[in-house]
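K.L.:
I'd like to ask you about the structure that follows.
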Amino acid sequence: MQHPIHIVSTKKLSEKQKQQLLNVDFSVLDKNFIRIQIRDFEVDDINEYVIFTSQNAVESVLRNTKAAEIKTKKCFCVGEKTKALLEQNDFEIIEYSDYAAELASIICNQYSKNSFTFFCGNIRRDVLPDALRLVQIVLDEVEVYQTLTETHKIAFIPDGILFFSPSAVESYLQENKIENEACFCIGNTTAEALKTVTSNIIIAHQPTVESVVMKCVEFFSYKQ
């Protein structure tokens, strides 16, 4: 008899997401390998437009004393979930993309005369700020949350591992090795963080948790 497929998710899954794996008889261990710490921050002047590339930044801004003032600014954002959270909280979005590089391109081509305030985390990627600074667009960065690693030792060898950020890759590797496991990634940046460790990398069709889970189900169903 075949042993069940053992999956480790480096992020706690919702009941619905986890159920998709349990429905095909996978054994699932899901733990948060990173922790987000919301920061108090001060911002004196907010530029014409604001940029968000993560839900964590939105959560932090909503708790800030200047939230009402920030809400009066039109938004540029990256990611479906970030967009949904902004809309739920009555922000007006004028440009949206699934990828930071794509959003940077839109800004550089269409908004080069405008100024921006970018609400980000302590380990934000350079793609967007670098692209804007290269064409001398006014950009202020405000660090509104921190990403901290929270590693866990896994007591078994999984068949597949789900990764949702480069920080989670780093956290996982602090206590665990990757050998022949299939690594499912939410996007190219996360995949990049694994390239020196393994070539067993599968990237989701879309940068969402659901898409990573589906990719994992498809991969092992196909192998069986």
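What follows is calculated from the coordinates using simple rules that are stated; it is not laboratory data. Just so it is clear, the model here is predicted, and its values are computed rather than measured. All Cβ positions, glycine included, derive from the backbone under ideal geometry; neighbour counts span all protein chains shown.
K.L.:
Going by Cα centres, the range 1-69 and the range 100-146 are how many Å apart?
P.N.:
22
K.L.:
Could you work out [θ]222 nm for the chain from helices alone, using -39500 (n - 2.57) per DSSP H run of at least four and dividing by all its residues? Round to the nearest 500 deg cm²/dmol.
P.N.:
Calculated from helices alone, the mean residue ellipticity at 222 nm is -10500 deg cm²/dmol.
K.L.:
Taking H placed 1.01 Å from N in the peptide plane, check which residues at least 5 places from SER27 or on another chain put their amide H under 5 Å from its amide H.
P.N.:
Placed amide hydrogens put ILE5, HIS6, ILE7 under 5 Å from SER27.
K.L.:
Still on this structure, I have one more. Calculate the spin-label point distance for ASP130 paired with ILE94, positioning each point 7 Å from the Cα along the beta-carbon direction, and give it in nanometres.
P.N.:
Between ILE94 and ASP130, the simple spin-label model gives 2.7 nm.
K.L.:
Remind me, relative contact order of the range 49-91 in percent, using alpha carbon pairs under 8 angstrom and six or more residues apart? Can you show the working numbers first?
P.N.:
Numbers: 41 pairs, mean separation 22.6, N = 43.
Relative contact order comes out at 52 percent.
K.L.:
In debye, nearest 20: dipole of the chain around its Cα centre with unit charges on the Cβ of K, R (+) and D, E (-)? Don't jump to the answer; show the numbers that get you there.
P.N.:
On the way: 23 positive and 31 negative charges, 83 e Å.
Roughly 400 debye for the chain.
K.L.:
Right, another one. When ranked by the protection proxy of mean other Cβ atoms within 10 Å per residue, highest first, what sequence do the peptides 95-104, 211-220, 48-57 form? The partial results should precede the final answer.
P.N.:
Values: 95-104: 18.0, 211-220: 19.8, 48-57: 21.9.
Final packing ranking: 48-57, 211-220, 95-104.
K.L.:
Could I ask something else about it? Would you mind telling me which residue in THR198, THR82, THR147 has the biggest mean-square fluctuation in a Gaussian network model of the chain, where springs connect alpha carbons within a distance under 10 angstrom?
P.N.:
Of THR198, THR82, THR147, the most mobile in the Gaussian network model is THR198.
K.L.:
Report the Stokes-Einstein translational diffusion coefficient (µm² s⁻¹, integer) for the chain, Rh taken as the Kirkwood radius over Cα pairs, at 25 °C with viscosity 0.890 mPa s.
P.N.:
Result for D is 131 µm²/s.
K.L.:
Taking every pair of distinct Cα atoms and averaging 1/r, then inverting, what Kirkwood hydrodynamic radius in Å comes out for the range 36-147?
P.N.:
Hydrodynamic radius (Kirkwood, Cα pairs) of the range 36-147 is 13.7 Å.
K.L.:
Return the distance in nm (one decimal) between the two label points of a simple spin-label model at ASN109 and ARG35, each offset 7 Å from Cα along Cα→Cβ.
P.N.:
Between ASN109 and ARG35, the simple spin-label model gives 4.3 nm.
K.L.:
With the chain treated as a Gaussian network of Cα nodes joined by springs under 10 Å, which of GLU170, GLU42, GLU15 yields the largest mean-square fluctuation?
P.N.:
In this elastic network of the chain, the residue with the biggest mean-square fluctuation among GLU170, GLU42, GLU15 is GLU15.
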